[in-house]
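Asks: Got a structure for you, written out below as C-alpha cells; questions coming shortly.
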Amino acid sequence: MDFSKNATERPEPCKAEVKGTIPDWLQGTLLRNGPGIFSVGETSYEHWFDGMSLMTSFSFKDGEMTHRSRFLRSDTYKANMGADRIVVSEMGTMAYPDPSKNFIFKAITFLNHTVPDFTDNGSSNIIKYGDDYFATSETNYIRKIDPVTLETQDKVDYMKYLPVNLASSHPHYDKEGNAYNIGISIAEKGKTKYILFKVPAVSAKDKGKTVPALKNVEAISTVSCRSLLTPSYCHSIGFTDNYIIFVEQPFKLDILKMATAYMRGVNWASCLKFCPDENTLIHLIDRRTGKEVDMKYYTGSMVIYHHVNAFEDGDHVVFDVIAYNDNKLYDMFYLKNLKKDAGSQDSAYSKPSFKRFALPIKSDKGVGVGENLVKLKYTTASAVKEKEGKFTCQSEVLCEGFELPRINYDFNGNKYQFIYGNIVEESALSKQVAKFDTETKTMLYWDEENCWPSEPIFVPRPNGESEDDGVILSSVINSNPGQSSFLVILDGRTFKEVARAYVSAELYKDMHGIFIPQGK
C-alpha cells in the first residue's frame with residue numbers, strides 16, 4: 001500500500017452496493033477525516049500527519065448507504081494549490097520559499113515561523129461545538145464544515161475567544177451538548193499554561209441565529225505548566241460527571257527550539273522531546289469549581305495520545321488510557337518509514353499498553369506513608385502514599401497492542417465494560433479491529449486478508465438493552481486485486497459481520513471520525 005499517494009475526491013453522493021442487511025434503525029452519517037494530499041507540484045510532505053485533509057462521509061438511510069468525499073478547502077490548501085508547491089509549514093514538514101523569491105519575501109516567511117502562524121489544515125478529526133461541525137487538527141485554527149455536503153465554511157481562530165495556541169482534537173461532550181476541551185497557552189503574559197474550557201450548547205436565545213460557536217466559550221480552569229518553556233503535549237483528556245483528568249506527561253514541546261526551528265532548517269516536530277527520566281503528573285480538576293483537588297498524583301514516564309474512558313467509584317476516580325513507553329510512534333509515520341513494507345514488524349516499534357489508573361480522592365489524613373489507598377476489588381491499580389497529599393500511582397495493564405479506542409459514548413464518564421479499537425501488536429498500521437471486555441479480559445476480532453480497517457466507531461441501537469447493543473462501523477481499505485473498498489458493519493455484541501457496503505471509489509487511510517445520528 002502506498003500511503004503517500006494523493007487521494008481523489010468524490011464530492012457527489014454515490015450509492016454503495018450492500019451485501020447483507022444494514023439495520024433499519026441505523027440512520028445518520030459517519031464522518032471521517034484524515035490526510036489525503038501528500039505532494040503538490042515538485043514538493044512533498046515528509047510526514048503522513050501533514051497531508052492536506054480529505055473528509056469522507058458514509059450516510060445511512062432506510063437500509064442503504066451513500067458515500068462521498070471532499071478535500072477541506074482550507075487557506076493552506078488554497079495557498080499550496082495556488083503556488084503549485086507546499087508553501088505552508090506543517091508539524092513534520094517545513095515549507096521554504098521558492099528560491100526565486102526576493103529577500104523581503106524570505107524575511108517575512110522567517111518572521112512568520114519565529115512566532116508560528118499555524119496551518120488551518122484540520123486533518124485529524126471532526127468535532128462538534130454548539131450545533132456546528134468543524135474539521136480540526138491541533139492548532140488554533142478550526143474550519144467549519146457542512147456535515148452533509150462536506151463543503152468548507154468559516155475559518156475560526158480559537159485565539160479570538162481564548163488565549164490558546166494549540167488545542168486538542170478530542171473534546172468531550174456531556175448529555176446537554178456542552179463540549180469540554182484543553183488548550184495550551186504559550187508564553188501569554190510571560191506564562192505558559194493549560195486552559196480547560198467549555199463550549200456551551202446553543203442557548204435558547206441564540207437558537208436559529210448564526211452565532212459563532214465559540215462566542216460563549218468559558219475557561220473553566222487554568223493549570224500552570226510544570227516547566228515554563230516546555231509544556232506537555234496533550235492529545236486528549238479524561239472526563240467524568242465531576243472531574244476532568246489531565247495527564248501532564250514528560251513528552252514536551254520545546255518552545256525556544258520551535259522559535260528557531262525554521263532558521264536551523266529542522267521541522268517543528270523535532271522540537272518535541274521525551275524525557276524518560278521524568279515522572280508523569282496527573283491533574284484531577286473539579287469540573288464545577290475549576291480547582292484541582294488537593295492531592296498530587298505521580299506515575300512513571302509514559303506517552304499518552306488517547307484516553308479511553310473514566311468513571312467515579314466511591315472514593316476513587318478510575319481512568320483508562322493507551323500508553324507508550326517512548327515517543328517513537330510519531331516517527332513511524334514519516335512517509336519514508338511507511339514506505340517500508342507496511343505491516344511488517346519494525347524493530348523500532350514499541351506497542352502500547354491499555355492501562356487503568358485509580359486515584360483516591362478521600363483525604364489521606366491518618367493514613368500511613370507507604371499505604372495503598374486504592375480499595376477497589378476489580379483492579380490491581382494502586383496509589384501509594386509518599387507523604388501528605390502526594391501519591392505514587394501504578395497502573396493495571398488490561399491488555400497490550402490496542403489503539404484508537406472507542407466506547408459506547410452513552411457510557412462516557414461512567415463505569416463501562418466494552419471498548420472497540422484497532423490491534424497494533426506488531427505495527428502502527430492495523431489489519432484488525434477488536435472488541436475488548438474489561439471485566440473478562442477477553443478479545444473478539446474482525447479481519448480479512450489484505451484489508452486495512454479504520455478506527456471502529458460504535459453506534460448504539462435506540463433503546464438498546466445492553467452497553468454493547470449496537471453496531472460497529474469501520475471503513476476498510478481493500479487491497480485485494482479487483483475488489484472494492486467497503487464500510488463494514490459489525491454486531492456490537494457478537495462482533496460478527498452484519499453487512500458491508502462496497503463503494504465505487506478508493507478509500508484512504510484516515511485518523512478519526514464522528515457519527516451524527518439523523519436529525520442531530
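Asks: So how many residues does the stretch 368-386 have that are in a loop (DSSP other than H, G, I, E, B) and among the basic types (Lys, Arg)?
Replies: Total meeting the criteria: 2.
Asks: Let me ask you something else. Any idea which of (1) touching a strand residue (DSSP E or B) at 6+ places or on another chain (Cβ under 7 Å); (2) touching a residue at least 40 places away in the same chain (Cβ under 8 Å) is the one GLU218 doesn't satisfy?
Replies: (2)
Asks: Moving to a separate point now. Within the set of pairs 6 or more residues apart or between chains, which connect a residue that is over 17 Å from VAL471 (Cβ atoms) inside the stretch 433-449 to a residue that is polar (S, T, N, Q) and assigned to a loop (DSSP other than H, G, I, E, B) with Cβ atoms less than 6 Å apart?
Replies: Once the first residue is over 17 Å from VAL471 (Cβ atoms) and sits in the stretch 433-449, its partners that are polar (S, T, N, Q) and assigned to a loop (DSSP other than H, G, I, E, B) give THR438/GLN417; GLU439/GLN417.
Asks: A further question on this structure: If I ask for residues that are touching a strand residue (DSSP E or B) at 6+ places or on another chain (Cβ under 7 Å) and surrounded by fewer than 21 Cβ atoms within 10 Å (Cβ to Cβ), which ones from the stretch 376-392 would you list?
Replies: LEU376, THR379, THR380, SER382, VAL384, LYS385, GLU386, GLY389, LYS390, THR392
Asks: Separate question: When GLY482 is evaluated against the numbered criteria (1) farther than 18 Å from GLU64 by Cα; (2) modelled with pLDDT of 95 or more, which criterion, by number, is the only one it fails?
Replies: The single condition GLY482 does not satisfy is (2).
Asks: Considering VAL503, VAL471, which residue is more than 20 Å from LYS435 (Cβ to Cβ) and crowded, with 23+ Cβ neighbours inside 10 Å?
Replies: Numbers: VAL471 fails: more than 20 Å from LYS435 (Cβ to Cβ).
Only one candidate passes the filter, namely VAL503.
Asks: If only one of THR299, THR280 is within 20 Å of THR230 (Cα to Cα), buried (at least 20 other Cβ atoms within 10 Å of the Cβ) and free of Cβ contacts under 8 Å to residues at least 40 places away in the same chain, which one is it?
Replies: Being within 20 Å of THR230 (Cα to Cα), buried (at least 20 other Cβ atoms within 10 Å of the Cβ) and free of Cβ contacts under 8 Å to residues at least 40 places away in the same chain holds for just one of THR299, THR280, which is THR280.
Asks: Report whether or not LYS252 is among the basic types (Lys, Arg), outside any loop (DSSP other than H, G, I, E, B) and modelled with pLDDT of 90 or more.
Replies: Yes, satisfied.
Asks: Condition (residue is open to solvent by 20 Å² or more (accessible area, probe 1.4 Å), within 30 Å of ILE361 (Cβ to Cβ), more than 20 Å from the chain's Cα centre (by Cα) and free of Cβ contacts under 8 Å to residues at least 40 places away in the same chain) applied to the stretch 243-257: is it met by at least one residue?
Replies: no
Asks: Shifting gears a bit: Taking LYS215 as meeting all but one of (1) part of a loop (DSSP other than H, G, I, E, B); (2) crowded, with 19+ Cβ neighbours inside 10 Å, write down the number of the exception.
Replies: Every condition holds for LYS215 apart from (2).
Asks: Pairs needed: first member in the stretch 80-92, within 26 Å of LYS328 (Cβ to Cβ) and of a type outside the set (Ser, Thr, Tyr); second member anywhere, open to solvent by 60 Å² or more (accessible area, probe 1.4 Å) and in a loop (DSSP other than H, G, I, E, B); C-beta distance under 7 Å; at least 6 residues apart or different chains.
Replies: GLY92/GLU46
Asks: Continuing with this model, one more query. In this structure, does VAL202 turn out to be part of a loop (DSSP other than H, G, I, E, B) and under 30 Å from GLU312 (Cβ atoms)? Steps first, please.
Replies: Details: part of a loop (DSSP other than H, G, I, E, B): yes; under 30 Å from GLU312 (Cβ atoms): yes.
Judged against the criteria, VAL202 is a match.
Asks: Another question about this same structure. Based on what the data block shows, is LEU196 under 20 Å from the mean Cα position of the chain (by Cα) and within 22 Å of VAL318 (Cα to Cα)? Give the steps one after another, and end with the answer.
Replies: Working: under 20 Å from the mean Cα position of the chain (by Cα): yes; within 22 Å of VAL318 (Cα to Cα): yes.
Yes: the conditions hold for LEU196.
The values are calculated or read from the model by the stated rules, or taken from the named source; none is laboratory data. The structure presented is a predicted model; accordingly, all values stated were derived computationally and were not measured. Heads up, the Cβs are rebuilt from the backbone with ideal geometry, glycines too, and the neighbour counts pull from every protein chain shown. Ligands, DNA and RNA are stripped out before the accessible areas are found, and what is left, the full protein with its side chains, is counted by its heavy atoms. Shrake-Rupley method; radii C 1.70, N 1.55, O 1.52, S 1.80 Å.
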